[in-house]
Each structure stands twice: as C-alpha cells, then as structure tokens.
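Every read-out reported here was derived from the displayed coordinates using simple, explicitly stated rules and does not represent laboratory data. All values derive from a computational prediction rather than experimental measurement. Note: ideal-geometry Cβ built from the backbone for every residue, glycine included; neighbour counts use all protein chains shown.
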Amino acid sequence: MELLYYAYVSDDEREEGKKYQNIYLEGMLKDEVSGIFNFALEGLFRLWNNDFHFSYSLACEKEKEKFKNEHNIVMVFFNECIEVQGSDSKSKIKSSELFVSFERLCKENHYNRPPYSISRIKFFLLLEQIIYSENLDIVKKKRKDSYYYVGIKLKDEI
C-alpha cells in the first residue's frame with residue numbers, strides 16, 4: 001500500500017479515498033508540546049533506569065523478524081523455488097546447481113545488485129540457517145568432490 005499525502009485543498013475539491021496533509025498540524029502540535037515533552041521525559045527516565053537499554057518488546061521483536069525474513073533473498077528463494085521432500089526421499093540437488101538457480105532468481109528479480117548481492121559462502125550459510133531454524137529434514141552430504149542437499153528439489157522440476 002502506497003502512502004501518499006496530497007496538499008490540502010478545500011473540502012469541496014477533496015476526492016474520496018485520498019489522504020490530505022493537515023495544514024493545522026503545527027498548531028495542534030504546539031498545543032500538545034507539554035504532553036509530548038512529558039512523554040519524552042518519561043521515556044528518558046525509563047531508559048536511564050534500564051542502564052540505557054531499551055525495554056524488551058515482543059511486538060517489536062516479531063516485526064523485526066518479519067522485516068528480516070521479507071528482506072532475506074535466500075528465504076525468498078527457498079520459499080519460492082524449493083520443495084522439501086525429506087531426507088528419506090530420493091530427491092537431491094547438487095550445491096552448485098542450487099546456487100546457479102539462486103543467481104538466476106536474483107537476476108530475474110533484480111536482486112543481483114547491492115545490498116542484495118550475496119556471495120556463494122553467504123548463500124550457503126543463510127541456507128543452512130534456514131534449514132536449522134525451520135528444523136527441516138534436509139541433509140547435506142558429500143559425494144566425490146561435490147556437496148548435495150538430500151531431501152529437496154527445485155519446484156520447476158516437478
């Protein structure tokens with residue numbers, strides 16, 4: 001959802017569903033300046049009493065996790081391109097093929113530029129972190145000179 005605020009116009013010219021700037025906001029804030037100051041002062045005292053550590057907030061932690069997951073391109077790749085079969089299945093994919101698929105997704109979605117560009121090492125570290133944190137039945141095995149992930153396959157192979 002895009003947040004656009006339009007310049008204030010008379011009530012007769014306003015369109016339904018658009019948000020307009022409040023031209024009286026500065027005056028309203030001036031009327032509330034003592035309350036705003038008291039609120040900030042209470043926050044400062046709370047911060048002081050906590051040795052300048054912010055109070056823990058479960059809601060903030062959940063939002064922070066949500067933000068990190070939404071901006072984790074490896075998580076996006078995992079959710080959109082990989083199907084978990086379980087380590088008992090015969091599904092497996094070579095790590096190099098997995099990374100090539102990841103690079104393709106990045107290129108197609110313009111994630112191949114900073115801050116989204118990820119090295120091969122970081123990709124596999126983040127992938128391992130996803131597998132561990134989600135407690136998925138995926139095993140990394142080494143055969144000959146290559147690593148394979150057993151229990152997953154790319155969705156476009158279905």
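Here the calculated FRET efficiency for N49 and I23, from their Cβ-Cβ distance with R0 = 30 Å, stands at 0.15, rounded to the nearest 0.05.
Between helix 58-70 and the chain there is an angle of about 50 degrees, using the helix long axis and the longest principal axis of the Cα atoms. With the highest mean first, a sort of the peptides 138-148, 25-35, 93-103 on other beta-carbon atoms found within 10 angstrom per residue produces 93-103, 138-148, 25-35. Please give me, ordered by residue number, the chymotrypsin sites (Phe, Trp or Tyr not before Pro) of the range 5-93 that lie in loop per DSSP and have at most 11 other Cβ atoms within 10 Å. When the chymotrypsin sites (Phe, Trp or Tyr not before Pro) of the range 5-93 are filtered for loop state and at most 11 Cβ neighbours within 10 Å, Y24, F52, F54, Y56 remain.
When only Cα pairs below 8 angstrom with a gap of at least 6 residues are kept, the chain shows a relative contact order of 24 percent. Placing pseudo-labels 7 Å out from each Cα toward the beta carbon at N109 and S146 gives an inter-label distance of 2.5 nm. Percent of alpha carbon pairs in the chain separated by more than 20 Å? When all Cα pairs of the chain are counted, 69 percent exceed 20 Å. Using 0.36 nm per residue and subtracting the Cα-Cα separation, the extra length available between F37 and S89 on full extension is 12.5 nm. Rg over Rh for the range 67-157 works out to 0.95, both radii taken from alpha-carbon positions and Rh defined as the Kirkwood radius. Taking K153 as the anchor, which lysines have their alpha carbon closer than 19 Å to its alpha carbon, excluding any fewer than eight residues away along the same chain? List returned: K90, K92, K94, K140, K141, K142.
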